[in-house]
Amino acid sequence: MKKTTKSIMICAVSVLLLASCGGETIDGAALAQEVCECTTNANALPGDDPNRSAEQDRCSELQKTNWAKVEGDIEQERAFNSKFPCGM
């Protein structure tokens, strides 16, 4: 194989590999489920547990972070919202 043909083949394969790795798939329902599990676990802590409030705050921040990941994608927003209230 000629050197230029080999270079073109290597370049083409590299581009294809990079293109196939691009973009993270977002699953609104799974992100919402993560929030629900966090909230369920935080709320299961005894009321007098000193970590309960911090855990609930962490879950609130997780909900904001996960919502930001789906915001603007109507299909994923609906999937996210369909899981709330948790367990319904």
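The values are calculated or read from the model by the stated rules, or taken from the named source; none is laboratory data. Being a predicted model, the structure only gives us computed values, none of them experimental. Here the Cβ positions follow ideal geometry from the backbone for every residue, glycine too, while neighbour counts run over all protein chains shown.
Given the condition surrounded by 12 or more Cβ atoms within 10 Å (Cβ to Cβ), over 19 Å from the mean Cα position of the chain (by Cα), of a type outside the set (Ser, Thr, Tyr) and at pLDDT 95 or above, answer yes or no: does some residue in the stretch 72-79 qualify? So that I can check it myself, show each step before the final result.
Residues of the stretch 72-79 surrounded by 12 or more Cβ atoms within 10 Å (Cβ to Cβ): 73, 76-79.
Still in the running and over 19 Å from the mean Cα position of the chain (by Cα): none.
No, the conditions are met nowhere in the stretch 72-79.
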(request) Filter the stretch 55-85 down to residues that are under 15 Å from residue 27 (Cβ atoms) and among the aromatic types (Phe, Trp, Tyr), then give me how many there are. (result) 2
(message) Here's a check for you: in the stretch 44-71, which residue that is assigned to a helix (DSSP H, G or I) and of a type in the set (A, V, I, L, M) is farthest from the chain's Cα centre (by Cα)?
(response) 44
(request) Kindly list, by first and then second residue, each pair from a residue in the stretch 22-42 that is at negative phi to a residue that is surrounded by 13 or more Cβ atoms within 10 Å (Cβ to Cβ) and β-branched (Val, Ile, Thr), limited to pairs with Cβ atoms under 9 Å and residues at least 6 apart or on different chains. (result) 26/70; 27/70; 28/70; 31/70; 32/70
(message) Let me spell it out: the conditions are (1) β-branched (Val, Ile, Thr); (2) surrounded by 15 or more Cβ atoms within 10 Å (Cβ to Cβ); (3) at pLDDT 95 or above, and residue 26 meets all of them except one. Which number is the exception?
(response) (3)
